[in-house]
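For reference, the structure is listed below as structure tokens.
The values are calculated or read from the model by the stated rules, or taken from the named source; none is laboratory data. Note that the structure is a prediction, hence the values are computed from the model and not measured. Because the Cβ atoms are built from the backbone with ideal geometry, glycine has one as well, and the counts that use them run over all protein chains shown. Surface accessibility is based on the protein's heavy atoms, side chains included, excluding ligands, DNA and RNA. Shrake-Rupley method; radii C 1.70, N 1.55, O 1.52, S 1.80 Å.
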2 protein chains.
Amino acid sequence: MEISKLSNELYMTTTRAPVNIAVVKYWGKANEDLILPLNDSLSLTLSTDDLCAQTTIAVGKHFTEDRIWLNGREESVKFPRIQNCLNEIRRRSKEAREQRKADLEPDYTDWHVHISSVNNFPTAAGMASSAAGYACLVHCLGTLFQVEGDLSRIARRGSGSACRSMYGGFVRWVKGEREDGHDSVAQQVAPVDHWPELRVLILVANDQKKDTGSTSGMGSSVQTSTLLKYRASTVVPQRIKDMTEAILNKDFNKFADITMQESNQLHAICLDTYPPIRYMNRISWDIVSLVHRYNDFYKANRVAYSFDAGPNAFLFTLEEYLPEVLSVVRRSFPSTLEGIKGSLWRGAPGPTKPLPHKLQDHLKIVPQVDVLKYAFVTKVGDGPQTVSDFRQHLLDIRGMPK
Amino acid sequence: MEISKLSNELYMTTTRAPVNIAVVKYWGKANEDLILPLNDSLSLTLSTDDLCAQTTIAVGKHFTEDRIWLNGREESVKFPRIQNCLNEIRRRSKEAREQRKADLEPDYTDWHVHISSVNNFPTAAGMASSAAGYACLVHCLGTLFQVEGDLSRIARRGSGSACRSMYGGFVRWVKGEREDGHDSVAQQVAPVDHWPELRVLILVANDQKKDTGSTSGMGSSVQTSTLLKYRASTVVPQRIKDMTEAILNKDFNKFADITMQESNQLHAICLDTYPPIRYMNRISWDIVSLVHRYNDFYKANRVAYSFDAGPNAFLFTLEEYLPEVLSVVRRSFPSTLEGIKGSLWRGAPGPTKPLPHKLQDHLKIVPQVDVLKYAFVTKVGDGPQTVSDFRQHLLDIRGMPK
């Protein structure tokens, strides 16, 4: 059952939606209002087993207004990006009802909604939660209001990169050509099981410095960077082509090169912004150096880094390399909490594997204690899924947060 | 007396030449061998009172080979860049002798030379010494061998940016159009006394991490940065125009904007290089933030930063703002050695001026002790000058280092 009918006057459904990490980066809007990007981007959807947003939406005949709770705290539903999603879903729902002549189905399109959404990872972890959050909201609304067809363009109106979280596996956000943004949608490049050996390590830096948000950051880049337009018009199209090829051929070496070059160019554009924006800190740079030294040792890419609008590192590797990569990371960034309550690693990374002496000599690791707050390994995963177990609803039988 | 005649068989001369700091940056060669740049650049020549190279060259009938001593230590004269300068000067010298029918003048064009060169600032200070060094070498050779006309294209063959040190004041290195590099020369944009209020603070970071040299760094950028060519072909020409205008109009606000944007773009290109190059460290970034917060307080630029291929900061300000800027810098980066032997500041910066409370609140300074190794204030200065006081020669009457 996708929708729980609690009575003739209260329906609800619950969705879980994933985070995604871009390997060809989105930075800069062509249209702020419609959230149209300057260039295509390409991402990996990450497994909801490790990171996800979960949203329950109830629609009730007696609700007096639309309401929303984020991580248990009521927020204003008037936020324009939420309104854009709600209005568009209701419009599409009515359209769909008319098309399928759904006169006999219950019509609750105009009833108010209660929305409750949580992340299964601390916001303080600095993970971009808006992509998962809006993907979850839109998928959940779409299910409840029985909207068919592409929902990614609606998720895009919530948060640009949310459109990519509407699909599992490897996903491209096509910027589109139309002025109204109708063709600015996400498309799956390869399904979730296409490259099962791929692993993603997430290293959360223990640094609470407040960053420039990505929305204001990219706005500022569009205004002031003299390099951004060239990147968007000329560099990215080739990289999208090359990255798609690398993914389809499961060519890790090439995948890693483009991933790292894209991360670096995003941060180059931030530096070219005026005043300059800096997201990567000392620890991020230590990770960059470590990755290049490690790959250098093997004369091939075995691991790649990517940084978004913050200092946290996403590392990509293959299953076969994972144990050694984990050992290298754990030796470089040991935690005094390891093995005790509140361990650095979510999920046991297993015992540290001894590193070959030659590799140790090459890496010249100077361990930095407790600079990471959080670390875990995840995989490519599915897009948003309806949660059929009604006990998972975040709203009770009155439609209020549990 | 430009040339000291020690005997009929030994002549010598001594030159002092300045450092320059680019405000429109040179990064990337179009021709590695001829040292032709991808784009024009523009610099300020700094006073030799504070930073300079000093070179004595002797030409002796009985010298058995060309020899060179750098900071008292003999080095190989076979280094191609030195050879390029020597050969070109000798060629031009013969050409000039023929033209002026100098049959009666002593002809020592084919005698060997002894060269001794020193910097009046520690190499460890991390200042780019090659520009001053090659400008000094070429000016000194040009004087000794009586070469007339533009010498900047010869200095360019030693070290690209050395050509800009061949003139005082504000200097543009025109990339030129000819394949043989003949028109790739430096030109004075404005003389040394054009903008006497301008001050330059040099802050040397106390961080001995070995950097990527600028030659290999820019080579790597040319190979791998997808943004560099666009910068060189499209961004820089406009900035050269704007910067020239700002200098001619003594428009500090505009001068500061372009200076900071250029510094940032140079380091953006370094980040876009693969593997990425990082010259700015944590202290550099703290200086960037401090400068933007300071200018923000006055809603106008009162100080600008520039970073080259290293973490050291060059700050530009005007005489009227200098005392407060110095106070802000000294409060942000205090030294435990202040006032004692080995003081941070070369030349007394004067007593710390109390800062207005509102400014203090705005800047939110968290003092960082002993992160600077060295600091001083300098000005725009003259090009290379012959030192007429023969006691300043670095070679003795036998042509050997004193």
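So here's what we get for this one:
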{"quantity": "Residue in the range B:384-394 that is charged (D, E, K, R) and in contact (Cβ under 8 Å) with a residue 60 or more places away in the chain present", "calculated": "no"}
{"quantity": "Of all residues in the range B:282-315 being at the interface with chain A (Cβ under 10 Å from one of its Cβ atoms), free of Cβ contacts under 8 Å to residues at least 12 places away in the same chain and open to solvent by 40 Å² or more (accessible area, probe 1.4 Å), the one that is nearest to B:S221 (Cα to Cα)", "calculated": "B:R282"}
{"quantity": "Test: residue in the range A:227-235 that is open to solvent by 10 Å² or more (accessible area, probe 1.4 Å), at the interface with chain B (Cβ under 9 Å from one of its Cβ atoms) and either under 22 Å from the mean Cα position of the chain (by Cα) or more than 30 Å from A:V192 (Cβ to Cβ) (or both)", "calculated": "yes"}
{"quantity": "Single condition B:R164 does not satisfy, out of (1) open to solvent by 50 Å² or more (accessible area, probe 1.4 Å); (2) of a type in the set (K, R); (3) modelled with pLDDT of 95 or more", "calculated": "(1)"}
{"quantity": "Index of the failed condition, B:I258 passing every other in (1) within 20 Å of B:L198 (Cβ to Cβ); (2) in contact with a strand residue (DSSP E or B) (Cβ under 6 Å, 6 or more places away or on another chain)", "calculated": "(2)"}
{"quantity": "Of all residues making up the range A:240-258, the number that are open to solvent by 20 Å² or more (accessible area, probe 1.4 Å) and not acidic (D, E)", "calculated": "7"}
{"quantity": "Selection status of B:K353, farther than 30 Å from A:Y294 by Cβ, at pLDDT below 95 and within 14 Å of another protein chain (Cβ to nearest Cβ)", "calculated": "no"}
{"quantity": "Residues of the range B:321-333 that turn out to be at pLDDT below 95 and open to solvent by 30 Å² or more (accessible area, probe 1.4 Å), as a count", "calculated": "3"}
{"quantity": "Number of the exception - B:D272 against (1) touching a strand residue (DSSP E or B) at 6+ places or on another chain (Cβ under 6 Å); (2) within 12 Å of another protein chain (Cβ to nearest Cβ); (3) buried (at least 24 other Cβ atoms within 10 Å of the Cβ)", "calculated": "(1)"}
{"quantity": "Test: residue in the range A:19-27 that is of a type outside the set (A, V, I, L, M, F, W, C) and over 13 Å from the mean Cα position of the chain (by Cα)", "calculated": "no"}
{"quantity": "Count of the range A:238-255 residues which are farther than 17 Å from A:W195 by Cα and among the basic types (K, R)", "calculated": "2"}
{"quantity": "Condition check for B:R157: open to solvent by 40 Å² or more (accessible area, probe 1.4 Å), assigned to a strand (DSSP E or B), away from chain A (no Cβ under 14 Å) and over 21 Å from B:A313 (Cα atoms)", "calculated": "no"}
{"quantity": "Of all residues making up the range A:80-90, the number that are open to solvent by 60 Å² or more (accessible area, probe 1.4 Å) and at pLDDT below 95", "calculated": "1"}
{"quantity": "Test: residue in the range A:251-260 that is part of a helix (DSSP H, G or I) and at the interface with chain B (Cβ under 9 Å from one of its Cβ atoms)", "calculated": "yes"}
{"quantity": "Output for the range B:63-78, where each listed residue is touching a residue at least 24 places away in the same chain (Cβ under 8 Å), in a loop (DSSP other than H, G, I, E, B) and on the phi < 0 side of the Ramachandran plot", "calculated": "B:F63, B:T64, B:E65, B:D66, B:V77"}
{"quantity": "Of the criteria (1) more than 18 Å from A:T15 (Cβ to Cβ); (2) in a loop (DSSP other than H, G, I, E, B), which one A:E148 fails", "calculated": "(1)"}
{"quantity": "Residue check for B:I3: out of contact with any Lys or Arg (no Cβ under 9 Å at 6 or more places or on another chain), open to solvent by 20 Å² or more (accessible area, probe 1.4 Å) and in contact (Cβ under 8 Å) with a residue 24 or more places away in the chain", "calculated": "yes"}
{"quantity": "Filter result for A:Y279 (in contact with a Ser or Thr (Cβ under 6 Å, 6 or more places away or on another chain), outside any helix (DSSP H, G or I) and within 12 Å of chain B (Cβ to nearest Cβ))", "calculated": "no"}
{"quantity": "Qualifying residue in the range A:209-221 (condition: outside any strand (DSSP E or B), facing chain B (nearest Cβ under 9 Å) and open to solvent by less than 10 Å² (accessible area, probe 1.4 Å))", "calculated": "no"}
{"quantity": "Unmet criterion (only one of (1) touching a residue at least 40 places away in the same chain (Cβ under 8 Å); (2) under 15 Å from the mean Cα position of the chain (by Cα)) for B:C163", "calculated": "(1)"}
{"quantity": "Test: residue in the range B:63-76 that is exposed (fewer than 14 other Cβ atoms within 10 Å of the Cβ) and over 26 Å from the mean Cα position of the chain (by Cα)", "calculated": "yes"}
